[in-house]
Amino acid sequence: MEYRNLGASGLRVPVLSFGAATFGGETPFFATWGSSGSEEARRLVDICIEAGVNLFDTADVYSSGASERILGAAIKGRRDKVLISTKMTLATGRGPNDSGSSRHRLIAGVDAALTRLETDYIDLLQLHAFDAFTPIEEVLYTLDLLVRAGKLRYVGVSNFAGWQLMKSLGIADRHGWPRYVAHQVHYSLVGRDYEWELMPLALDQGVGAIVWSPLGWGRLTGKVRRGQPFPEGSRLQQAAQWGLPVDEDRLYRVLDALDAVASETGRSVPQIALAWLLTRPTVSSVIIGARTEAQLRDNLGAVGWSLAPEHIRQLDEASAAMPAYPYFSYRIDKAFKRLNPPAV
């Protein structure tokens with residue numbers, strides 16, 4: 001297993017991490033992701049640790065807290081061998097303070113997560129979304145208190161816009177509060193919006209990307225084919241309406257390229273898609289969310305080898321999309337320079 005620094009921090013994380021959203025399945029939405037109970041979860045955790053995957057990602061909203069409880073039970077007796085990442089901000093109930101990143105919510109939420117995880121500290125806490133109703137100063141001061149109390153070791157965010165992350169980093173620097181070292185982002189061969197603004201920001205500010213949905217909400221598992229319905233019983237079939245939309249023409253261009261590279265390398269389609277992400281700037285870790293032992297072992301095969309430059313170029317070209325304004329101007333400028341090289 002390869003390990004990388006998490007952003008500009010000193011924390012070393014595996015390039016593949018395990019997403020425990022498949023644990024529990026106690027709500028209709030999360031049941032489409034997976035429903036691993038304690039015994040199955042422990043077996044998946046065993047396989048991960050044996051392979052060097054020691055970072056496990058969860059959230060308080062995953063199966064109404066069941067994911068954290070099952071993960072806590074699965075790592076019992078080996079807490080010192082693993083890193084736990086959890087998230088909060090999204091609504092966990094209907095009360096007025098059951099969502100957001102207020103001081104009230106964060107302090108109570110961290111204590112509740114520690115109880116469910118059966119631990120006394122969290123290695124990485126990420127805010128699951130930006131809270132526009134709580135002052136950023138209140139959020140960061142509270143996180144500073146929790147770090148100083150020894151309950152948190154590192155802090156990060158998820159699904160932030162560029163200005164939200166940059167403003168937060170600036171305020172943290174001004175007051176000497178902990179900086180966000182990680183940004184959990186949606187990124188895949190069929191979803192490259194992260195590259196337009198958030199990736200340059202991360203490069204400049206030393207924020208490591210932890211990638212969620214690296215297989216495009218199940219589209220890049222090797223089971224989706226041109227002109228065929230989604231596989232029966234797949235998460236994509238059951239929950240496609242909750243995922244980010246993907247243009248069909250682009251999807252099939254990417255799938256054709258993945259099939260071609262897989263054929264030439266002898267690797268599976270998911271392994272190729274994951275390996276491509278590991279070549280991208282700022283990526284610290286890619287979350288794999290396998291529901292079965294077979295899926296997990298196949299995903300783990302994405303490390304220990306490298307894509308050839310021509311294969312990376314092939315995948316880059318197949319997955320390219322016109323950036324939104326104002327980022328499309330970079331692409332126009334690049335094309336103009338290629339068509340009008342400087343005189344020698």
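If you roll a 1.4 Å probe over the chain with all protein chains in place, what percent of the accessible area is carbon or sulfur? The value for the chain is 54 percent carbon and sulfur by accessible area. From the Kirkwood radius over Cα pairs of segment 1-103, Stokes-Einstein at 25 °C and 0.890 mPa s returns a whole-number translational diffusion coefficient of 169 µm²/s.
Along segment 80-87 the Karplus relation, 6.51 cos²θ - 1.76 cosθ + 1.60 evaluated at θ = phi - 60°, assigns HN-Hα couplings of 6, 9, 10, 10, 10, 10, 9, 9 Hz to successive residues, with x for each Gly and Pro. Electrostatic bookkeeping for Ala73 treats Lys and Arg as +1 and Asp and Glu as -1; over the other residues with beta carbon under 9 Å from its beta carbon, the sum is +2.
Normalised by 2.2 N^0.38 Å, with N the number of residues, the alpha-carbon radius of gyration of segment 61-118 equals 1.18. Residues whose amide H comes within less than 5 Å of that of Arg4, counting only those at least five positions distant or on another chain, are Val13, Val15 (H built at 1.01 Å from N in the peptide plane). Taking amide H as placed 1.01 Å from N in the peptide plane, Gly208 has its amide H under 5 Å from the amide H of Gly7, Ala8, Ala182, His183, each at least 5 places away in sequence or on another chain.
Expressed as a fraction of 2.2 N^0.38 Å, the C-alpha radius of gyration for the chain is 1.00.
The candidates Glu68, Glu248, Glu40, arranged from most to least accessible area with a 1.4 Å probe in the full protein assembly, appear as Glu248, Glu40, Glu68.
Around the amide H of Leu83, modelled in the peptide plane, lie the amide H atoms of Leu55, Phe56, all under 5 Å away and 5 or more residues distant in sequence or on another chain.
With both residues required to sit in the chain, DSSP beta bridges show an antiparallel share near 10%. Segment 245-306 and segment 134-182 have their alpha-carbon centroids 32 Å apart. Take every pair of alpha-carbon atoms less than 8 Å apart whose residues are at least six positions apart; their mean separation over the length of the chain yields a relative contact order of 17 percent.
Among Lys223, Lys87, the sequence by solvent-accessible area, most first, with a 1.4 Å probe is Lys223, Lys87. Roughly how many Å² is the accessible area per residue of the chain, as a whole number, for a 1.4 Å probe? With the other protein chains kept in place, the chain gives 45 Å² per residue. Over segment 249-330, the reciprocal of the mean inverse Cα-Cα separation, the Kirkwood hydrodynamic radius, stands at 13.9 Å. Please list 3J(HN,Hα) in residue order for segment 7-22, calculated via the Karplus relation 6.51 cos²θ - 1.76 cosθ + 1.60 where θ = phi - 60°; whole Hz, with x for glycine and proline. Taking θ as phi minus 60°, the curve returns x, 8, 7, x, 6, 8, 10, x, 5, 10, 10, 10, x, 8, 5, 7 Hz for segment 7-22. Summing Cβ point charges (Lys, Arg +1; Asp, Glu -1) relative to the Cα centre of the chain gives a dipole of roughly 220 debye.
A cut-off under 13 angstrom between Cβ atoms defines the neighbours of Glu50, and their net charge, with Lys, Arg +1 and Asp, Glu -1, is +3. Net charge near Thr142, counting Lys/Arg +1 and Asp/Glu -1 over other residues with Cβ under 12 Å of its Cβ? Once positives and negatives cancel, what remains is 0. Measuring nothing but alpha carbons in segment 97-191 and taking Rh as the Kirkwood radius, the Rg to Rh ratio lands at 0.97. Measuring against 25 Å, Cα to Cα, the residue pairs Lys76/Lys151; Lys87/Lys151; Lys81/Lys151; Lys76/Lys223 contain Lys76/Lys223 as the ones spanning a longer distance.
The values are calculated or read from the model by the stated rules, or taken from the named source; none is laboratory data. None of the values given here were measured: they were computed from a predicted structure. Cβ: placed from backbone, ideal geometry, glycine included. Neighbour counts: every protein chain shown. What goes into the accessible areas is simple: the full protein's heavy atoms, side chains included, and nothing from ligands, DNA or RNA. Shrake-Rupley method; radii C 1.70, N 1.55, O 1.52, S 1.80 Å.
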